[in-house]
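> Below you'll find the structure I mean.
The values are calculated or read from the model by the stated rules, or taken from the named source; none is laboratory data. No experiment lies behind these values; they were computed from the predicted model shown. Methodologically, a virtual Cβ is constructed for each residue, glycine included, from the backbone with ideal geometry; neighbour enumeration extends over all protein chains shown.
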Amino acid sequence: MSKLRKQLEAQLTPQKIQAAHLLVLNEWADILGDDSIQKRTMQEIADEVGCSRSTLTGWRTEEDFTAYTNYLAERQLDAMRTKMYTQLVRAAMGGSNGIPSVKALDLYFRHYALLTDRHEVVTNERELAGKRKTDEEIQREIAELDRMVNGE
């Protein structure tokens, strides 16, 4: 068990820890493709944990409870990384239709910093040279601004 997980769990009751696990699992139920996990209502989760639905809803607004549920969701996301990489490569290689996905290729190359946005600023020195002011012109403009500011 990680140090962070221990710290987060130390702030919660066993009932809140169980509720957090059930809520996160419930959110992932449709995505995981596990037929043994059925999406449940807040009332069903509250009943299993042994609290009212309003209590469960209240916990979801508490900072410690939210931090723990976010931690659990992040771990679930981490567990999906291998599958995501596989899907990315599959799409880049042509997927089910045999046509490589340009977006998948873009994501792959950006992930490995092989493709970056490049911004180029081009200036025309000849144009700039003609627009540059002499020191005397700058001094005259400064003097004019001084007169305007001082009311002369």
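> One residue is enough: does segment 69-90 have a residue meeting the conditions under 18 Å from H21 (Cβ atoms), loosely packed, with under 10 Cβ neighbours inside 10 Å and out of contact with any strand residue (DSSP E or B) (no Cβ under 8 Å at 6 or more places or on another chain)?
Looking for residues that are under 18 Å from H21 (Cβ atoms), loosely packed, with under 10 Cβ neighbours inside 10 Å and out of contact with any strand residue (DSSP E or B) (no Cβ under 8 Å at 6 or more places or on another chain), one finds at least one in segment 69-90, hence yes.
> Any idea which of (1) modelled with pLDDT of 90 or more; (2) surrounded by 13 or more Cβ atoms within 10 Å (Cβ to Cβ) is the one T61 doesn't satisfy?
(2) is the only condition that T61 fails.
> Here's something else I'd like to know. If a residue must be in a helix (DSSP H, G or I) and either surrounded by 12 or more Cβ atoms within 10 Å (Cβ to Cβ) or of a type in the set (K, R) (or both), how many such residues does segment 12-47 contain?
Total meeting the criteria: 21.
> Hey, does segment 23-42 have a residue that's among the charged types (D, E, K, R) and modelled with pLDDT of 95 or more?
no
> Can you pull out the helices (runs of 4 or more DSSP H) entirely within segment 63-149 that have at least 1 residues that are under 19 Å from the mean Cα position of the chain (by Cα)?
63-79, 81-93, 102-111
> Which pairs have Cβ atoms under 8 Å, sit 6 or more apart or on different chains, and link a residue in segment 100-127 that is without any contact (Cβ under 8 Å) to a residue 60 or more places away in the chain and among the hydrophobic types (A, V, I, L, M, F, W, C) to one that is surrounded by 10 or more Cβ atoms within 10 Å (Cβ to Cβ) and in a loop (DSSP other than H, G, I, E, B)?
F109/L115
> If the Cβ limit is 7 Å and pairs must be 6+ apart or interchain, which residue in segment 44-71 that is within 15 Å of E27 (Cβ to Cβ) pairs with which residue that is modelled with pLDDT of 95 or more and among the hydroxyl-bearing types (S, T, Y)?
What qualifies is R60/T66.
> Continuing with this model, one more query. What pairs come up if the first residue lies in segment 1-26 and is without any contact (Cβ under 8 Å) to a residue 40 or more places away in the chain and farther than 14 Å from R75 by Cβ, the second is outside any helix (DSSP H, G or I) and of a type in the set (A, V, I, L, M, F, W, C), and their beta carbons are under 8 Å apart, counting only those six or more places apart or on different chains?
The qualifying pairs are Q15/C51.
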